[in-house]
Structure formats: structure tokens, C-alpha cells
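Okay, structure first, notes after.
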Amino acid sequence: MKDSFKFHSKIPVSSLTHKWIDHKSTLKLVSPNNRSNIEIIVVGTGLAGGAAAASLSELGYRVKAFCYQDSPRRAHSVAAQGGINASKNYKGDNDSIYQLFYDTIKGGDYRSREANVYRLAEISSNIIDQCVAQGVPFARDYAGYLETRSFGGTKVSRTFYAKGQTGQQLLLACYSSMARQIGKGRIKMYNRHEMLDLVTVDGIAKGIIARNLISGEIEKHAAHAIVIASGGYGNIFFLSTNAMGSNASAIWKVHKKGGFFANPCYTQIHPTCIPIHGNYQSKLTLMSESLRNDGRIWVPNKLEDAVLLRNGSKRPEDISEENRDYYLERRYPSFGNLVPRDVASRAAKERCDKGFGIEKNENKEGVFLDFSFSIEKYGKEKANELGIQRSSSLDKKKLGKKIMESKYGNLFHMYEKITNEDPYKTPMKIYPAVHYTMGGLWVDYDLMTSIPGCYVIGEANFSDHGANRLGASALMQGLADGYFILPYTIADYLSKCITEKISTKHIAFQQSEKNVKNRIQKLIQNNGNMPVDFFHKKLGNIMWKYVGMSRNHVGLYKAIKNIQELRYEFWKNVFVPGYIDDGLNSELEKAVRVADFLELGELMAMDALNRKESCGGHFREEYQTKEGEALRDDVHYKYVSVWEYRENHPISDEIMHKEDLNFTFVKVQSRSYK
């Protein structure tokens, strides 16, 4: 382990408010007549990758875009529900670039780069203008102005939304921009393709090896620059809110080719997910954080009531007001139900660990999200607005329900379809689940990795969220990276590539292709007797138990040992059906991804073991206040942990470097939402 490393983060030395402006003025340009001679590969076509592909091709570059889905429209960004942040101050509640910047720094528990976060806040308003111009149907108020709502960790209303379908609407707009360029021939789409290796020549990124998931063919693709936008690695836990196909293989291949991995242990647990129902469940369903605007979270304050609720002997409506514990409002009166995700998640776990959980599952985990108060409030307001003097309680509920439908209708419908319970009449049942990963590949201020020519954007990089991401900031970061940052910074690198000829005939491509084929052959011919999901589930159980919402020294040591043993067992006993010459083979796809998870999982546990403090989503039981809050150690751990893979060495031999975090614009202090 090394204590220091000379990072070339490229953060400008000017004042915080001028860093991005000054930096752009120093970036080299590529003239329009030269752009058509330059090829760029974009891996991943969610909001970050799709925005980058559309913007770069609009500028005139030739783009190859890869996605494992059958269409870019199926990227997991489509599942983002609640909204996207921007500091426009439309509500007149004193929001500003600084306030968004401060909320994000504080929300990340002072473990993110100050310069990157300020740039994100600075760009945020442009994103909304861009999306409105593209036709995104954001919600509007009665006068036609764009509507906003609040999310956790803030005291202002800055989240723009389209009902509970914000990610879908943003992705459709982004895809429309891509489709225009596909039609022109500037973007060449490679649907149902998965990146299996990064090709480097003399340490510089020059292409990728991809597998055609339909034909099984291994393909070589060269480019002047590579952009990775493949999302996060939350599916390492098996049960998460991520799409089943979401994986870490692209970023892990970059890591093993020399790309540093930053803060791998920073995992976000989302507090409003439908609780686990059984051992055979394959994924979890997210209920948008926006619901906490109008929902109050509670559990009974009597253990006997919790038992009766779990047994079905009592309904939540039967629990009187004085027998309910609105624990977030009790513990955090200043922010109430809108505390950040990590805080809300740990509070729910604490109540359920004490026996107050209301769901009848294995660990009795679940709390209520109750909308009856907001339905009644909105009903009264609407009745007054309409001049109805003697409206009955039922009439008010009907009026209130209509308003709730206009804000969250599809979310309520989805919940009812999954649980067969009507959330307008009875509270939702929710519990925290793995949702997002703040860690990712290390990038500099230009979003380039430690491998020249390889850029990483969106959730796949580490740069903006520190130890905890605030809600509605993922869409903001993805679109900021793709639309407004990368198109500027990548030109600085590409300006040196104007006369460079690229080809897949270099020996590095042949060697990389050979390595990929050998790995596939090893999996297919393994002759084991256990399916891939057996190992993925076992890994998920280890990760959730020891590297999940709560961690400790003994458990993390166990996790490392258990993962090492499981990885050995995987390569000895995994069974992948089919033959090498077969085309479509979904079990082979899963096996490749799980093999990478089994390495990344060990690195996550190593990083969590090394960080002897609690911050954001990283909660070490040994480091907490008397009230059970996260206890940071700014003297020893105010840095980004950056891991370097050593070729032909085990994961346990990775070298950790440190990028010190310097705060000049904000005062580092204890994070409090009380």
C-alpha cells in the first residue's frame, strides 16, 4: 500500500467559480473539417453514453456506439423515476449554484472533489434548457411554468420531473438525438454487443474487443478514443434495483488494463424499495425517492403491534396516531422524511433490527410509507380552491387522490401491480436496497482515466458524489458529462490524433482477442455442475451481510476470505451449457460478468476494510457517534482511495494510492440533518 501518488488530476488552479471557464479556454480544438476523420467508441448508451454519442456525432466525429440491449432505448437510465436536479430557483426559495454545490458536497459527506461538484452545479441549468428544447415533457404548474419538487438532503425545491417517468422521458429525447445521427451515418450502432476487453498499444487506449451476443462472434474495433459509459456495479449484490443485465465487466476490463479504480466501497442503499419477498427473487423494485415529498415513514412504537402487523392480524390503518413512530421526523426534525438516502436507510435498519419491522419476510424487514396525510391536505386545498364549503371527508379524499395521481400515478400503479395493495388506501411497504455505486474508475478533471485516450462518464466513474449521492443527481451527472463536459475535454486529446491511422491489425488486438477467446473457452469447457446464478447468489449474500449497509472489521475479513474461496469454487465447478461455436448463450454472458464480480467484490471489501471511518454510504460499526450517526476521520481519511491492479497478481496484491481532497470553498464540518 502506498500513501501517495502523483495524480495528474488536471484541476485548474484558478478560483472555484472560474475553474471550468478558465479550463475551457485552454483546451485545444479539432477543426470541423478534421472531425470526420476521427473515430470514437462509446460503450453504453444510457443517458451518459447516449448524450455523448449524440453530441460527438453532432460535432462531426464518427462514433461507434455499443450496448448489450436490443436498443439504446432499453438502457437502465429508463428506470430512473423521480427527477433531475438543477439550480434554477424557479420556486424563489433562494436556490443557487452555490446551494446545489454545497448540498452535493455535504450529501457526499465531504468525500468528493470540490472542483468537479461545482462544475456539475454550474452546468445543471443548461441541462434543463437542453432537454426542454428536445421536447422532454417535464411537469408544469397551472401557469405553464416548469414544476419542481424536493428530494432528500435539501431544503429547496430544485428537482424537475415528468411524473415518475423522468429517466424514460430523458432517454427517449436522448435517443431521438442519437437516431438523427444514426440516420446520417455518423453513429454506427452495435446493438446486442458486449465489451470484453480494452485494447491498449504502448499504454494508450486504441480499441475494444466485443462479443456479438446473437452470433457469438468476437469482434475487434479500433478508435482514436474510447468512452466508457456502462453504469455502476450494484448487481454485485445479486439483489438490487438495477436491471438484471447491468454489470461491471467494461470498467473492470479497463481496471485490469491499467485504469485506476477509485472508492470501490462506496455503495448507495436506497431507502424506498419494495421489501424482499423470498429466496427465489431475482431483483428488487425501486419506488422513487420523490414519494418522500408526500409520504411519511413510520413503524409502530409497540413491539406487539409490529408482530400483529406481520401476522396480518392488524392493518396499518388500525394503528392509532399515538402508537406510530415517525422515526425520521423524530430523529431529524430539520429535514424529516427528506434526509439523504444513507441516513434514511440506516434509520430504517435500526428500527427493524430492534424488532419493529412490519413485513413478514425472513428478517422481518419493512417500514410504512404513508400518503394519507398528503391526500387529505391536497383534498382540503382543492376544495377551498373550488369554493366547496361543505365537502365531506370522502369528497376531499377523492380530490386529494386526483392530485396524487397527477404527481405519482404510474408509481402507485406499479406498486399495486407488484403487491396487490392500493397505496391510496393503505401505506406502501418499503425497505432499503442496493441502488447505486458512487465508486468507479478514477478520472481526471477532463474525465480521462489513467489510461490515455480512455474516458469514463456517468455512474461508471467516481468523480462527483463522494460517499453518498443525493437523489436526482444521477441523471444530472450523466447528462452533464455527456452533453456539456466530454465534448469539450475530449477534443483536447483528439487534437493530437488528426493524422493518426487506426487499425485492428496491430498485434495488441490479436493478443487481446486471443485472451478473450481463451477465457470463454475455459468457461464453456469447465464441465462443472453448478449454474452461474448459484455463485452469483452466494456472492450477493456475502456482500450484503458483510459489505452492505453496515460493516465491521471482523465481517470484512470474513468477506475477503469467503469471496476468495467462492472464486476458486466458481472456476472449479461452474457449469456453462452449450458449445464455443454457439451464438446466443445467456448463461455465458452471465458467467463472464459474475467472474468479474468475484474479483471486484474482493476489492470492495479491501477498500472498506482500509477505510477506518464512517462516511456516507460506508458505515463502519466501530466508528459512529453515540446517536448512531456516521463518524468521519478527516485527519486520516480525507482522500480518494485509488487502487492499481498489478498484472498477473491476485486482487489482494493491488496497490492503493491516495488523492488528497482539498476544500477551499466550503468548510468541512460534521454532517447533521437534525
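The values are calculated or read from the model by the stated rules, or taken from the named source; none is laboratory data. Worth saying up front: this structure is predicted, and the values here are computed from it rather than measured. All Cβ positions, glycine included, derive from the backbone under ideal geometry; neighbour counts span all protein chains shown. Note: areas computed on protein heavy atoms with side chains; ligands, DNA, RNA excluded. Shrake-Rupley method; radii C 1.70, N 1.55, O 1.52, S 1.80 Å.
In the chain, the portion of solvent-accessible area held by carbon and sulfur atoms comes to 49 percent [1.4 Å probe, whole percent, DNA, RNA and ligands not counted]. First check a/c for the range 466-603, with a ≥ b ≥ c the square roots of the eigenvalues of its C-alpha gyration tensor; if it is under 1.5, answer rounded, and if not, answer prolate when a/b is larger than b/c or oblate otherwise. Oblate, since a/c reaches 1.5 and b/c is not below a/b. The dipole here belongs to the range 139-224: it is taken about the Cα centre, uses +1 on the Cβ of Lys and Arg and -1 on the Cβ of Asp and Glu, and is about 360 debye. Proximity of backbone amide H atoms, modeled 1.01 Å from N, is registered between V227 and I41, V42, V43, Y455 at under 5 Å, excluding neighbours fewer than 5 places apart on the same chain.
Using a ≥ b ≥ c from the Cα gyration tensor of the range 621-674 (square roots of the eigenvalues), is it rounded, prolate or oblate, where a/c under 1.5 gives rounded and otherwise the larger of a/b and b/c decides, a/b for prolate? Because a/c hits 1.5 or more and a/b fails to exceed b/c, the range 621-674 counts as oblate.
The residues of the chain present an accessible area of 39 Å² per residue when probed at 1.4 Å with all protein chains retained. Expressed per residue, the C-alpha convex hull volume of the range 84-134 stands at 74 Å³. Ordering N410, N363, V343 by the projection of their Cα atoms onto the charge dipole of the range 295-415, which places +1 on the Cβ of Lys and Arg and -1 on the Cβ of Asp and Glu, puts N410 at the extreme positive end. Taken along its three principal axes, the alpha carbon spread of the range 1-143 comes to 52, 46, 37 Å, from the longest extent down to the shortest. Of the peptides 214-220, 607-613, 576-582, 467-473, the order by per-residue mean of other Cβ atoms within 10 Å, starting with the highest, comes out as 467-473, 607-613, 214-220, 576-582.
Three principal axis extents of the chain based on alpha-carbon atoms, in descending order, are 80, 56, 51 Å. Estimated purely from DSSP H runs of n ≥ 4, each contributing -39500 (n - 2.57), the mean residue ellipticity at 222 nm for the chain is -12000 deg cm²/dmol once divided by its residues.
Across the range 57-70, computed HN-Hα scalar couplings (Karplus, 6.51 cos²θ - 1.76 cosθ + 1.60, θ = phi - 60°) run 6, 4, 6, x, 6, 8, 10, 10, 10, 10, 8, 7, 6, 7 Hz from first to last residue, x flagging Gly and Pro.
Here the 3J(HN,Hα) profile of the range 408-423, calculated from phi with Karplus coefficients 6.51, -1.76 and 1.60 at θ = phi - 60°, is 9, x, 5, 5, 5, 5, 4, 4, 5, 5, 7, 9, 6, 10, 8, x Hz, Gly and Pro shown as x. Note on D93 and K561: their simple-model spin labels are 5.0 nm apart, each label 7 Å out from Cα toward Cβ. Here the Kirkwood formula puts the hydrodynamic radius of the range 205-345 at 19.4 Å, using every distinct Cα pair. Legend: P(r) of the range 565-651 from all alpha carbon pair distances, 5 Å bins from 0, whole percents, reading 3, 11, 16, 15, 12, 12, 11, 8, 6, 4, 2, 1, 0. Distances between placed amide hydrogens fall under 5 Å for K188 paired with V63, K64, A65, all partners being 5 or more residues away or on another chain. Normalised by 2.2 N^0.38 Å, with N the number of residues, the alpha-carbon radius of gyration of the range 1-85 equals 1.48. Normalised Debye scattering of the range 155-240 at q = 0.18 Å⁻¹ gives log10 I(q)/I(0) of -1.10, counting only Cα atoms as equal scatterers and leaving out solvent. Remark: the range 605-616, residue by residue, has Karplus-estimated 3J(HN,Hα) of 5, 4, 5, 5, 5, 5, 7, 8, 7, 10, 8, x Hz, where x stands for each Gly or Pro and the curve is 6.51 cos²θ - 1.76 cosθ + 1.60 at θ = phi - 60°. Within the chain, antiparallel bridges make up roughly 70 percent of the DSSP beta bridges whose residues both belong there. Protection proxy ranking of 237-249, 454-466, by the mean of other Cβ atoms within 10 Å over each peptide's residues and highest first, is 454-466, 237-249.
Based on the convex hull around the alpha carbon atoms, the range 285-388 presents an average projected area of 8.1 nm².
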